[in-house]
Amino acid sequence: MDSLSTLFVMGTLQFLSTLFVFAIGLAVLVVVVLFILDVSQTGDAVRRNFPVLGRFRYLFSMLGEFFRQYFFAMDREEMPFNRAEREWVDRAAKNKDNTVAFGSSKSLTPPGTAIFVNCPFPTLSEDASEVQPLEIGPYCREPFQAPSLFNISGMSYGALSTPAVRALSNGARMAGCWLNTGEGGLSPHHLEGGCDIVFQIGTAKYGVRNENGELSDEKLREVAAHPEVKMFELKMSQGAKPGKGGILPGIKVTPEIAAIRGIPAGKDSISPNRHPEIDNAAEMLDMIGRIRDATGKPTGFKAVVGAFGWLETMCREIHKRGIESAPDFITVDSGDGGTGAAPMPLMDNVGLPVKEALPLVVDILCKYGLRERIRVIASGKLITPSEVAWAIAAGADFVTSARGFMFSLGCIQALKCNRNTCPTGITTHNKRLQRGLNPESKAVRVAGYCTNMIHEVEVIAHSCGVRRPRLLRRMHVRIVQDNGRSVAMDELYPCPQTLPEYTTADAGKSVEAASA
Ligand SMILES: Cc1cc2nc3c(=O)[nH]c(=O)nc-3n(C[C@H](O)[C@H](O)[C@H](O)COP(=O)(O)O)c2cc1C
C-alpha cells in the first residue's frame, strides 16, 4: 500500500514537472513568435522598436479605462459624469438615504459654478406647494397637461435594449413623467407601461415614413391614435452631433428594430444629416404645423443652439402667421449632450453648452413676447438636483435627462453604447448581457430617481425662500467668475423687455402666474 502511494505521488510530480516544462516552452515559443511578428511589421513604431514589451502599452491603456474608475479617479474628477454625481443618482434610484457626511467634496471656486442664494427665512414645509402640471400646446385639439418637471429624454429603441425601454416605460408611469421615444419610432415596449409618451421624428422619419422615406400623414395619425402619445418632437439637431443624423451600427439593427424603423436588418442605420424638406425657419414652422394638424397634439422641436439669428427669424415669422403657428415647445439640448454613437469632433466642440444656450433662447422668446406661448425644455448633463434647479431658475419649464435615467437603470459609464457590448444590458441586444437588467426592479429605480430628483429640487427652492421650483428665478443663482467672485445670474443674463410691437403676444400672462 505504501509503495503504491509513493508510486502515485512520484507519478503526479513527474506529470506536473513535465507540464511545467511544457508551459514554459510554450510561453517562450509565443514570445518568440510575437517578437518575430513585432519586428517584421511596419505599421506600429512602438512594437517594432520594443518587440513584445510594446504590447503592454495597449493592454495597460485598455485596463486603465476600467481601473481608473475604481482606484485612481477622485470623486469629482471623471468625465462625462463623476463618481459623486453617479452615486447621487444611484442612491436616489434605490431610494436610499442620500445625505453625505463631513462636508462637500465639491469645489465652489471654478468659474461657471452656480451657487444658489439661500433666503434667511426659508419656506416652511407647511407653506410649500407641490409642482403643478403645466399645459403645453394651448391651441391644439389635444393640449397636454404635463405633470412632471423632470422627464426622460429621447433615446431610441435600438440604441436602447428591450428591457431598458420596458423599465423606462413602467418607471415613467410610476413617477408620472413622460418618456421620449428618440428617433427610432414607437415600439410595443414604449407602450407597455402606459406612461405619457413624446414621439420624436428624426431626419429619417423612422416609424412615420412612407416607402420613399418621406413623412406620411397617415402614419402620423396612426401614431397619434395611441392615447399614450401626448406630443410630437421634431428633431432638428442633437447636442452630441449637430449636423449629423442618427447612427445605429448594423450589429444593433435586429429584425424587430428594422421592422419598426422600416429599414433592412443588420445594416447600419444612418439618418440624413438634416430634414431635406426644412431649409429655413419658415419651412420648419410649415412642418410643425403639418404634424400638429395631422395629429392634433402639441408639436415642438429639439435643437442644439450654435448660430441663433434663425430663432429671431422664426419668432418674427410666427408673428406674421399668428401665434397659433408657434412650436408648442423648444427642447434646448446641450453641446455636451450624450449619444449612442457620434463622431468625436462634433461631440467635443460643436454646439453651445446648455448653460449658455438656455438663457439665450429664453431671452429671445421674452423679447418677442413668446415666452408663455412656447414652453422651454432643457437637456444636457442636468442629472442632479442643483443642475435641474439651475435650469428652472434660468427659465426652463421642464428638464429632461437621458444619461441620468441610464444611471438609474444601472449604467456604469462603460462607454460602450456604440458596440453592442454594454456590460449592464442597457444598450446591447446581446441576450446574455440583457439578462442582468430586470425590467421590473429597474422600473422602480427609474421612478425613484425621478421622484427623489423633484423632491430635492423642491428642497433647493424652499431654501431659496420660494414655495415651489418653478418660482425659482435668475436672481436666486449666482455664478462664480474668473476672479473667484460670484455675480447674480440676472445681472449676467438680464431678462430683456418685450419689444413694444409684441407686448400683447403672451396675453399679459406672467411666467409666474402661468406656472403657479
Ligand atoms: C444612448 C443614447 C441615445 C440617444 N438617442 C437619442 C435620440 O434618438 N434622439 C435624440 O434627440 N437624442 C438622443 N440622445 C440624446 C439625449 O436625448 C439627450 O439630448 C442628451 O444625452 C443630453 O441629455 P443627458 O446629458 O441627460 O444625457 C441619446 C442619448 C443617449 C445617451
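Computed quantities for the displayed model
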| read-out | value |
| --- | --- |
| From 376, 399, 354, 388, residue being away from the ligand (no atom under 11 Å from the Cβ), open to solvent by less than 10 Å² (accessible area, probe 1.4 Å) and not polar (S, T, N, Q) | 376 |
| Residue 162 being among the hydroxyl-bearing types (Ser, Thr, Tyr), under 25 Å from residue 430 (Cβ atoms) and open to solvent by 20 Å² or more (accessible area, probe 1.4 Å) | yes |
| Residues satisfying the stated conditions in the range 334-351, i.e. within 22 Å of residue 284 (Cα to Cα) and open to solvent by 10 Å² or more (accessible area, probe 1.4 Å) | 350, 351 |
| Single unsatisfied condition, residue 377 versus (1) modelled with pLDDT of 95 or more; (2) under 16 Å from the mean Cα position of the chain (by Cα); (3) in a helix (DSSP H, G or I); (4) of a type outside the set (Lys, Arg) | (3) |
| Pairs where the first residue, in the range 62-80, is among the polar types (S, T, N, Q) and the second is in a loop (DSSP other than H, G, I, E, B), C-beta under 7 Å, 6+ apart | 69/78 |
| The range 179-191 - residue that is open to solvent by 10 Å² or more (accessible area, probe 1.4 Å) and of a type in the set (A, V, I, L, M, F, W, C) and, of those, farthest from the ligand (Cβ to nearest atom) | 191 |
| Test: residue in the range 207-220 that is surrounded by 22 or more Cβ atoms within 10 Å (Cβ to Cβ), under 21 Å from residue 327 (Cα atoms) and within 16 Å of the ligand (Cβ to nearest atom) | yes |
| Options 86, 76: the member that is within 17 Å of residue 385 (Cα to Cα), open to solvent by less than 90 Å² (accessible area, probe 1.4 Å) and not hydroxyl-bearing (Ser, Thr, Tyr) | 86 |
| Spans of helices (runs of 4 or more DSSP H) in the range 191-303 with at least 3 residues over 25 Å from the mean Cα position of the chain (by Cα) | 217-224, 281-295 |
| Total residues in the range 89-113, condition farther than 25 Å from residue 357 by Cβ, open to solvent by 80 Å² or more (accessible area, probe 1.4 Å) and hydroxyl-bearing (Ser, Thr, Tyr) | 2 |
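Rundown of residues vs (1) touching a residue at least 60 places away in the same chain (Cβ under 8 Å); (2) not small (Gly, Ala, Ser), yes/no style:
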residue	(1), (2)
347	yes, yes
352	no, yes
355	yes, yes
370	yes, yes
376	no, yes
379	yes, no
385	yes, yes
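The values are calculated or read from the model by the stated rules, or taken from the named source; none is laboratory data. Being a predicted model, the structure only gives us computed values, none of them experimental. All Cβ positions, glycine included, derive from the backbone under ideal geometry; neighbour counts span all protein chains shown. All accessible areas refer to the heavy atoms of the entire protein, side chains included, with ligands and DNA or RNA removed. Shrake-Rupley method; radii C 1.70, N 1.55, O 1.52, S 1.80 Å.
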